[in-house]
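Take a look at the structure below.
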Number of protein chains: 2
Amino acid sequence: MSEIFKKHIGKFLTISEKEFEQISEFFTLRQVAKKENLLQEGQVCKHHYFVLKGLLRKFYINEKGIEQTTEFAIETWWITDNIAYEHRQPTEFYIQAVEKSEILYITNENQEKLLTDFPAMERYFRFVYQRAYAAAQMRIKYLFSLSKEEFYFELLRKHPEFVQRVPQYLIASFLGFTPEYLSEIRKRIIS
Amino acid sequence: MSEIFKKHIGKFLTISEKEFEQISEFFTLRQVAKKENLLQEGQVCKHHYFVLKGLLRKFYINEKGIEQTTEFAIETWWITDNIAYEHRQPTEFYIQAVEKSEILYITNENQEKLLTDFPAMERYFRFVYQRAYAAAQMRIKYLFSLSKEEFYFELLRKHPEFVQRVPQYLIASFLGFTPEYLSEIRKRIIS
């Protein structure tokens, strides 16, 4: 399974088999059941998660008691509450498995040690953060420029496999509307 | 002036005077007049900007013809359209000086060359992107969880110096409401 991780690192830098083995030792493999929480509101955010297989989501519970999903992570995506992770603080988020998943995780201490022992991995994480940041910037633009309905169509156009894979009530939670409203939009497309 | 840049790099790694001189050669210093555009919609985004002095903003023009500000950059902040910069594509954004500014910029080609010649700088950019990504994630949460009015108060509470420095119509453009509405809110605070 860690072939996936090795291949992902290999997109950005060249490492030997032996180096990869040493790098792997900083990570822990974990199986996660569907709907299992990896992180809960109020906990100190200690881990950075890399998805080998499956699908995770990040959400918070708003003042109305509704789960607002802010992020998904599929295979080869990293996910955590980055501010809480860097500063080892309690989080306001939940990270939960949408599907039965297989993940790698690393602690903040180990990530720092990894980067000290293998400075080449700075390049890997630089790319990971650079691309995640670019995607977040695009997301911010969409939040301003597109209506929730337009954003749904954008999602459907750009990532149809994603819309098909994620349960509809979670797509609704990501877009910030009710499952009933999403169901209405979908009916309109068909008719 | 590049003392500011040297000090900023020094927050994340140790480099010698000689190394810094060599690193500096990848960058160009530029003075920017107030309201001057560094980047305009439709142009290929070639540069990554670092603010030494002054204040830049990034915005796009929405379908109603209104400037929607999505980002500001003050001293020691980096700014660009990251997706367009990485892929050397035309941008949908403008980057403009809010105040008379002094900046350093680097081209994508030079940034890649810099990282090849000085791999230690991977660590610097890893931190730059990591923190920018964490801030963008927080922004996304606020866009969901706070009303525009609450976001203004959050800004006022966390960054009063920022609200004071930026012209009110740009604060309004950042928050996504009209200058008139912002003026109303401000009156309510005073009364």
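A short reminder: the numbers here are calculations on the coordinates, not readings from a lab. Note that this is a predicted model, so its numbers are computed, not measured. Positions of Cβ are generated from backbone atoms using ideal geometry, with glycine treated the same way; all protein chains shown enter the neighbour counts.
Numbers at a glance
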| quantity | calculated |
| --- | --- |
| Cα gyration tensor shape for the protein assembly as shown, rounded if a/c is under 1.5, else prolate or oblate | oblate |
| Net lengthening on full extension, B:I189/B:S16 (0.36 nm per residue, minus Cα-Cα) | 57.2 nm |
| From phi via Karplus (6.51, -1.76, 1.60), per-residue ³J(HN,Hα) for region A:181-188 in Hz, x at Gly/Pro | 5, 4, 4, 4, 4, 4, 5, 4 |
| Lys, Arg +1 and Asp, Glu -1 on Cβ, resulting dipole of the protein assembly as shown about Cα centre, debye, nearest 20 | 560 |
| Prolate/oblate/rounded call for region B:124-167, Cα gyration tensor, a/c under 1.5 rounded | oblate |
| Dipole-positive endmost among A:V163, B:Q130, A:L104 within the protein assembly as shown (Cβ charges, Cα centre) | A:V163 |
| Percent of C-alpha pairs per 10 Å bin, region A:1-91, short to long | 14, 41, 32, 11, 2, 0 |
| Mean separation of Cα contacts under 8 Å (6+ apart) over length of region B:1-114, as relative contact order % | 38 |
| 13 Å reach of a label modelled at A:Y181, 7 Å along Cα-to-Cβ, counting backbone N of region A:157-172 | A:172 |
| In order through region B:132-149: 3J(HN,Hα) via Karplus (6.51 cos²θ - 1.76 cosθ + 1.60), integer Hz, x for Gly, Pro | 5, 5, 4, 5, 5, 5, 5, 4, 4, 4, 4, 4, 7, 8, 10, 6, 4, 5 |
| Distance between region B:147-161 and region B:37-106 - C-alpha centres, whole angstrom | 23 |
| Label 7 Å beyond Cα on the Cβ vector: A:K7 copy-to-copy distances, nm | 4.8 |
| Other copies of B:Y142: label-to-label distances in nm, shortest first, labels 7 Å along the beta-carbon direction | 2.1 |
| Shape call, region A:97-176: gyration tensor on alpha carbons, a/c limit 1.5 | prolate |
| Over 21 Å (Cα to Cα) - which of A:K7/A:K58; A:K7/B:K141; A:K141/B:K58; A:K46/B:K11 fall in this group | A:K7/A:K58; A:K7/B:K141; A:K46/B:K11 |
| Selected from A:I79, A:I66, A:I171 as most flexible by GNM, with chain A as the system and alpha-carbon contacts under 10 Å | A:I66 |
| Chain A, helix-only ellipticity at 222 nm - DSSP H runs n ≥ 4, -39,500 (n - 2.57), divided by all residues, nearest 500 | -15000 deg cm²/dmol |
| J(HN,Hα) series, region A:106-112, from Karplus relation 6.51 cos²θ - 1.76 cosθ + 1.60, nearest Hz, glycine and proline x | 9, 7, 4, 4, 5, 5, 5 |
| Percentage relative contact order, chain B, counting C-alpha pairs under 8 Å, at least six apart | 24 |
| Alpha-carbon spread of region A:35-191, three principal axes, descending order, Å | 59, 31, 30 |
| Dipole magnitude (debye, nearest 20) for region A:37-191, charges at Cβ of Lys, Arg, Asp, Glu | 440 |
| Across the identical copies, how the A:E112 labels are spaced - nm, sorted shortest first, 7 Å along Cα→Cβ | 3.4 |
| Sorted peptide list for A:95-101, B:173-179, criterion being average Cβ within 10 angstrom, highest first | A:95-101, B:173-179 |
| Pairwise label distance in nanometres, A:E36 with A:L156, each label 7 Å out on the Cα-Cβ vector | 3.5 |
